[in-house]
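**Student:** Structure incoming, see below.
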Amino acid sequence: MLREVVATRYVTPLREGGSLPGIVEGDDLGTYVMKFTGAGQGRKTLVAEIICGELGRSLGLRVPELVTMELDPVIGLSEPDQEVQELLKASGGLNLGMDYLPGSIGFDPLAYEVGPAEAGRIVWFDALINNVDRSWRNPNMLVWHGDLFLIDHGATMIWHHNWPTAQASAAKPYNASDHALAPFSPDVRAAAEALAPLVTEELLAEVTAAVPDEWLVDEPGFATTDELRRAYAEPLLARAATVHERIVMDAPTARRPSQAPGWLAARLRPARRQGGQEDAR
Ligand SMILES: Nc1ncnc2c1ncn2[C@@H]1O[C@H](COP(=O)(O)OP(=O)(O)OP(=O)(O)O)[C@@H](O)[C@H]1O
Ligand SMILES: [Mg+2]
């Protein structure tokens, strides 16, 4: 189960995010990136964030803590931006919060070195959940205290937008050619060997149970929310065993120029540890 936090102050919108996430303080004195149920992307994005975020964390990948956040839109009354006001008004009740990583910066493939083992685990995980939103254009990874963190799992499990075709859709290959970590020789075979056995029915029951019922009710074709939870678990369980055989990786796309200024790029590059240890994490 996710921890429940009550939002106490709306701090500022995060303009980089397409769904207009906001930085919000909670009654536990934490600071969170809040994703709103009233955003145009809809509640399925939040369902995907929880299932995939919790799954990734269970597989040993770094994902900032997720919490459910209760919002009283009254906290946004002094917010001058009309768009933000409307978003808050439309999002009273339960929303999603992700622990805010202060001082983190967006992953830049030219400024941060990732070893083949870690790259392999992340590419394999993205193939499993069919993440189409971790390309070099929009890596959705943050570097914090020298480590890579995964964020934004809203654009995953595309099959949940059309359940009748879910099985066929989940059987399709995963094209990782544009993946932000494709240039780092990801060892997806080793990742599959290590991680696929961990993706069990029990684990999937646990991560799907973390989704609040109110984001699952009234899905056409499903009598109960637990039936829908099982529908989320099934394709993931089926994909875990063989998805590494269906990862397509064409010749890596030319790396784009680094966006980080030189002084920052130098600070970001983790010191190489001895004997290739940097990839043993
Ligand atoms: N936990 C976090 N800590 C610090 N910054 C964050 C965190 N989560 C998100 N951000 C910042 O906010 C931006 C938007 O977040 P995110 O990608 O999750 O939103 P989104 O609306 O789904 O975005 P998009 O669909 O445009 O990629 C990120 O690119 C990052 O700069
Ligand atoms: Mg994003």
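The values are calculated or read from the model by the stated rules, or taken from the named source; none is laboratory data. Everything quoted here is computed from the prediction, not taken from an experiment. All Cβ positions, glycine included, derive from the backbone under ideal geometry; neighbour counts span all protein chains shown.
**Student:** Please go through region 13-33 and give me each residue that is at negative phi and more than 16 Å from ligand 2 (Cβ to nearest atom), ordered by number.
**Tutor:** VAL24, GLU25, GLY26, ASP27, ASP28, GLY30, THR31
**Student:** Hey, another quick one. Test TYR10 against the criterion of being outside the structural domain of HIS153 (by TED's automatic domain parsing), within 16 Å of ligand 2 (Cβ to nearest atom) and part of a strand (DSSP E or B), and give yes or no.
**Tutor:** Here the answer is no, as TYR10 does not meet what is asked.
**Student:** OK, next. Could you grab me the full set of residues in region 122-141 that are near ligand 2 (Cβ under 10 Å from one of its atoms) and farther than 24 Å from ALA171 by Cα?
**Tutor:** Correct list: ASN138, PRO139, ASN140, MET141.
**Student:** Something else about it: Restricted to region 145-176, and to residues that are in contact with a Gly (Cβ under 7 Å, 6 or more places away or on another chain) and not in a helix (DSSP H, G or I), which residue is surrounded by the most Cβ atoms within 10 Å (Cβ to Cβ)?
**Tutor:** HIS153
**Student:** State the number of residues belonging to region 29-87 that are modelled with pLDDT under 95, part of a helix (DSSP H, G or I), touching a strand residue (DSSP E or B) at 6+ places or on another chain (Cβ under 7 Å) and not β-branched (Val, Ile, Thr).
**Tutor:** So the answer is 1.
**Student:** In this structure, is ALA168 at pLDDT below 95, under 27 Å from GLY221 (Cβ atoms), hydrophobic (A, V, I, L, M, F, W, C) and away from ligand 1 (no atom under 13 Å from the Cβ)?
**Tutor:** The answer is yes for ALA168.
**Student:** I've got another one for you. Which ones in region 177-218 are among the hydrophobic types (A, V, I, L, M, F, W, C) and either outside the structural domain of ILE247 (by TED's automatic domain parsing) or not in a helix (DSSP H, G or I) (or both)?
**Tutor:** Result: ALA180, LEU181, VAL199, ALA210, VAL211, LEU216, VAL217.
**Student:** Before we move on, is SER58 in contact (Cβ under 8 Å) with a residue 40 or more places away in the chain, within 16 Å of ligand 2 (Cβ to nearest atom) and hydroxyl-bearing (Ser, Thr, Tyr)?
**Tutor:** no
**Student:** To continue, here is another question. Could you list, in sequence order, the residues of region 142-155 that are away from ligand 2 (no atom under 12 Å from the Cβ), within 23 Å of GLY22 (Cβ to Cβ) and touching a strand residue (DSSP E or B) at 6+ places or on another chain (Cβ under 7 Å)?
**Tutor:** Once the filter is applied, which keeps residues that are away from ligand 2 (no atom under 12 Å from the Cβ), within 23 Å of GLY22 (Cβ to Cβ) and touching a strand residue (DSSP E or B) at 6+ places or on another chain (Cβ under 7 Å), region 142-155 yields VAL143, PHE149.
**Student:** For region 105-121: of the residues being within 16 Å of ligand 1 (Cβ to nearest atom) and touching a helix residue (DSSP H, G or I) at 6+ places or on another chain (Cβ under 8 Å), which is farthest from GLY60 (Cα to Cα)?
**Tutor:** Among those residues, the one meeting the criterion is ALA111.
**Student:** Considering only residues of region 243-267 that are surrounded by fewer than 14 Cβ atoms within 10 Å (Cβ to Cβ) and modelled with pLDDT of 95 or more, which is farthest from ASN131 (Cα to Cα)?
**Tutor:** Step by step, filter region 243-267, then rank; the result is GLU245.
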